[in-house]
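Student: I have a structure I would like to understand better, so I am pasting it below and will then ask my questions one at a time.
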Amino acid sequence: VGEKDAEYILGIDPNFKDQENSDHFAMCLLKLGENRKTWTQVHTFAIAESSLRVTSEYLFYLLTHFNIVYIIGDDAGTGRFLEHCNDSALFMSKNIKLKPLETSFALADSAEYEKKIAETRNSYNKEDWRIVHYQPFNASKFISNANMHLQASIDHFRLRFAAMPTDELYEKITKSKIPIEKLTFEKKATYN
């Protein structure tokens, strides 16, 4: 469960192939630092074989237990996923209807970024759930710049990774009443 006064950013990389050997459907939750210049990864969801029901229930859990102020998702599929979520009885029960920001950085060059940021700020509305940014990740220049920024953020300790809870804290977390029907905890990472 998120800290009461903290703000969180959620990244979504959807995948709709329900096969063990497919890419993972991934969500990554970052806690914003007090100065908004640092982030800590606090929660990760990644499943190769998953259904829309499972992924939408998990997103619902995150939205109702963390103060998510911004969502960025791969434009190749996030919209479809969020439409499914918005139309579900679960989301409707809490009046959650996620909406995209009314701007696009898809073809913006560096000269246009300030204008695009202003457009984004003008369309942003947390109370109305207008917090979703669809980002195309197929432009090689964007991918290159994003990877360099990520590496610099790690190198300069702007992006931090939460450590796995151990001992009593791990036991407390695994026995917590989390409102998800089936939740898996893995103590040991596995790599293929």
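Student: Output yes when any residue across the stretch 161-177 is more than 23 Å from Gly2 (Cβ to Cβ), open to solvent by 30 Å² or more (accessible area, probe 1.4 Å), among the polar types (S, T, N, Q) and at pLDDT below 95, and no when none is.
Tutor: No - not one qualifying residue is present in the stretch 161-177.
Per-residue answers, yes or no, for (1) open to solvent by 20 Å² or more (accessible area, probe 1.4 Å); (2) on the phi > 0 side of the Ramachandran plot; (3) modelled with pLDDT under 90; (4) more than 10 Å from the chain's Cα centre (by Cα):
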{"residue": "Lys17", "(1), (2), (3), (4)": "yes, no, yes, yes"}
{"residue": "Leu29", "(1), (2), (3), (4)": "no, no, no, no"}
{"residue": "Arg36", "(1), (2), (3), (4)": "yes, yes, yes, yes"}
{"residue": "Trp39", "(1), (2), (3), (4)": "yes, no, yes, yes"}
{"residue": "Thr44", "(1), (2), (3), (4)": "yes, no, yes, no"}
{"residue": "Leu52", "(1), (2), (3), (4)": "yes, no, yes, yes"}
{"residue": "Gly73", "(1), (2), (3), (4)": "no, no, yes, no"}
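Student: (1) farther than 22 Å from Gln135 by Cα; (2) in contact with a helix residue (DSSP H, G or I) (Cβ under 9 Å, 6 or more places away or on another chain); (3) at pLDDT 85 or above: which one isn't true of Thr64, the others all being true?
Tutor: Result: Thr64 fails condition (2) only.
The values are calculated or read from the model by the stated rules, or taken from the named source; none is laboratory data. Computed from a predicted structure; not experimentally measured. Virtual Cβ from ideal backbone geometry, glycine too; neighbours counted across all protein chains shown. We work out accessible area using only protein heavy atoms, side chains counted, and drop any ligands, DNA or RNA first. Shrake-Rupley method; radii C 1.70, N 1.55, O 1.52, S 1.80 Å.
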